[in-house]
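Below: one structure, written as structure tokens.
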Amino acid sequence: METRIIAAEDENMKEAVAAASELLGRGEVVALPTETVYGLGADATDPAAVAKVFEIKERPAFDPLIVHIASVKDLHQVATVPEEIDKVFQKLISAFWPGPLTIVLPRTEAIPDLVTSGLDTVAVRQSGHRVFRGIGRGFGKPIAAPSANRFGRISPTSAAAVMKELGGRIPLIVDGGACRDGLESTIVRLEAGEKRPIIHVLRPGPVTKKELQNFGRVVVAKKRLIDEQPEAPGQLASHYAPRTPLLMFDKPEDFQPEPWKRYGLMSYKCDPKAGYTGAHEWAMVESLSPGSGKLAEAAVRLFHVMRTLDEAGLDAIVAEPVSDTGLGQAIMDRLRRAASNA
């Protein structure tokens, strides 16, 4: 199969929307840009189309997908909002939709079992990316869209990265430029509490625990066991992994390199005071936030830097940890799961 790329710039936005909508309407799968990472989109109401997503990604059927809606008024097509959580739900979508927040809700009959992996709930999001939303409006149906990569691999944040992962497997990649956030969306489940609503964070992401605490009591889900059924997408213990083994250490002196092996360093900001840059004669060093040490920049660059090191022919990658607070929690979540494959 030949994979075509259409750049969704202002002058050919209509062409991109029409091409993607036409393919989605025929039950095909297309790669679409979002503000988080690129997604592999299919008609969420068509089981045959959704089955192609699982086949192309080589994704296990027990790992559910996120369903994207173009507008809040389309929510009724895919999910219901129980009365006891409606108030906090409305506050959350007012604050974070469209944007990188996914909310788990009871699903409607329009959503096939394959999308939810048999669960009675569905993970729903309204993307803030103008291209994705334009295609959603043009297509007129909800779109199931996990990250546009093979299962367990590094999530793509550019059209070029999608082509490396899925070129020849899909007919179209809509190029909307580099992703703004660079990390998959935060996923939450809502519960009515005695005094305040309870917001269960099932996957950390760009919407942080601190931001969510303005709307209820936040509980972060424990890491799931390998054989546990996921409650939402992106919860599997091993995920986001490069082919090259990725290693993490509590402190730089714990790293004991093996002779003759080529190691690369994924540094936070290449600060010598952190102790990692001087811990070894690295074959390659890449920084998540060169010099400035900004978590937002590190989040955007995470998967790009991981992919760069993965393609460098190294024996192993050593990841320097970042602060495990705020957005750093989402970065560390991805690094720990990538390291679990090593």
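The set of residues from the stretch 237-276 being more than 19 Å from E286 (Cβ to Cβ) and surrounded by fewer than 21 Cβ atoms within 10 Å (Cβ to Cβ) comprises A237, S238, D250, K251, E253, D254, Q256, E258, P259, W260.
May I ask you to verify whether V207 is in a loop (DSSP other than H, G, I, E, B), on the phi < 0 side of the Ramachandran plot and in contact with a strand residue (DSSP E or B) (Cβ under 8 Å, 6 or more places away or on another chain)?
Working: in a loop (DSSP other than H, G, I, E, B): yes; on the phi < 0 side of the Ramachandran plot: yes; in contact with a strand residue (DSSP E or B) (Cβ under 8 Å, 6 or more places away or on another chain): yes.
It is true that V207 is in a loop (DSSP other than H, G, I, E, B), on the phi < 0 side of the Ramachandran plot and in contact with a strand residue (DSSP E or B) (Cβ under 8 Å, 6 or more places away or on another chain).
If you check S71, S94 for being under 29 Å from I5 (Cβ atoms) and surrounded by fewer than 21 Cβ atoms within 10 Å (Cβ to Cβ), only one passes: S71. Restricting attention to the stretch 35-50 and to residues that are touching a Leu at 6+ places or on another chain (Cβ under 6 Å) and in a helix (DSSP H, G or I), the residue that is surrounded by the fewest Cβ atoms within 10 Å (Cβ to Cβ) turns out to be P47.
Just to be sure, is E258 closer than 20 Å to D315 by Cβ and either of a type in the set (D, E) or over 22 Å from the mean Cα position of the chain (by Cα) (or both)? Against the criterion (closer than 20 Å to D315 by Cβ and either of a type in the set (D, E) or over 22 Å from the mean Cα position of the chain (by Cα) (or both)), E258 qualifies. The residues listed here are A178, A221; of these, the one that is on the phi < 0 side of the Ramachandran plot, touching a helix residue (DSSP H, G or I) at 6+ places or on another chain (Cβ under 9 Å) and hydrophobic (A, V, I, L, M, F, W, C) is A178. Taking the stretch 65-180 as the region of interest, the helices (runs of 4 or more DSSP H) fully inside it that hold 3 or more residues being in contact with a strand residue (DSSP E or B) (Cβ under 8 Å, 6 or more places away or on another chain) are 83-96, 130-139, 159-166.
Looking only at residues that are in contact with a strand residue (DSSP E or B) (Cβ under 7 Å, 6 or more places away or on another chain) and under 18 Å from A42 (Cα atoms) in the stretch 4-19, which one is surrounded by the most Cβ atoms within 10 Å (Cβ to Cβ)? If we take residues in the stretch 4-19 being in contact with a strand residue (DSSP E or B) (Cβ under 7 Å, 6 or more places away or on another chain) and under 18 Å from A42 (Cα atoms), then A16 is surrounded by the most Cβ atoms within 10 Å (Cβ to Cβ).
Does at least one position in the stretch 89-96 carry a residue that is of a type in the set (S, T, N, Q), touching a Pro at 6+ places or on another chain (Cβ under 8 Å) and on the phi < 0 side of the Ramachandran plot? Spell out the reasoning first.
Keep residues of the stretch 89-96 that are of a type in the set (S, T, N, Q), which gives 90, 94.
Checking which are touching a Pro at 6+ places or on another chain (Cβ under 8 Å) leaves us with none.
Within the stretch 89-96, none of the residues are of a type in the set (S, T, N, Q), touching a Pro at 6+ places or on another chain (Cβ under 8 Å) and on the phi < 0 side of the Ramachandran plot.
Every number in this text was worked out from the coordinates using simple rules, so none of it is lab data. Please read these numbers as outputs of a predicted model, since none were measured by experiment. When we count neighbours, we look across all protein chains shown, and the Cβ atoms used for this are built from the backbone with ideal geometry, even at glycine.
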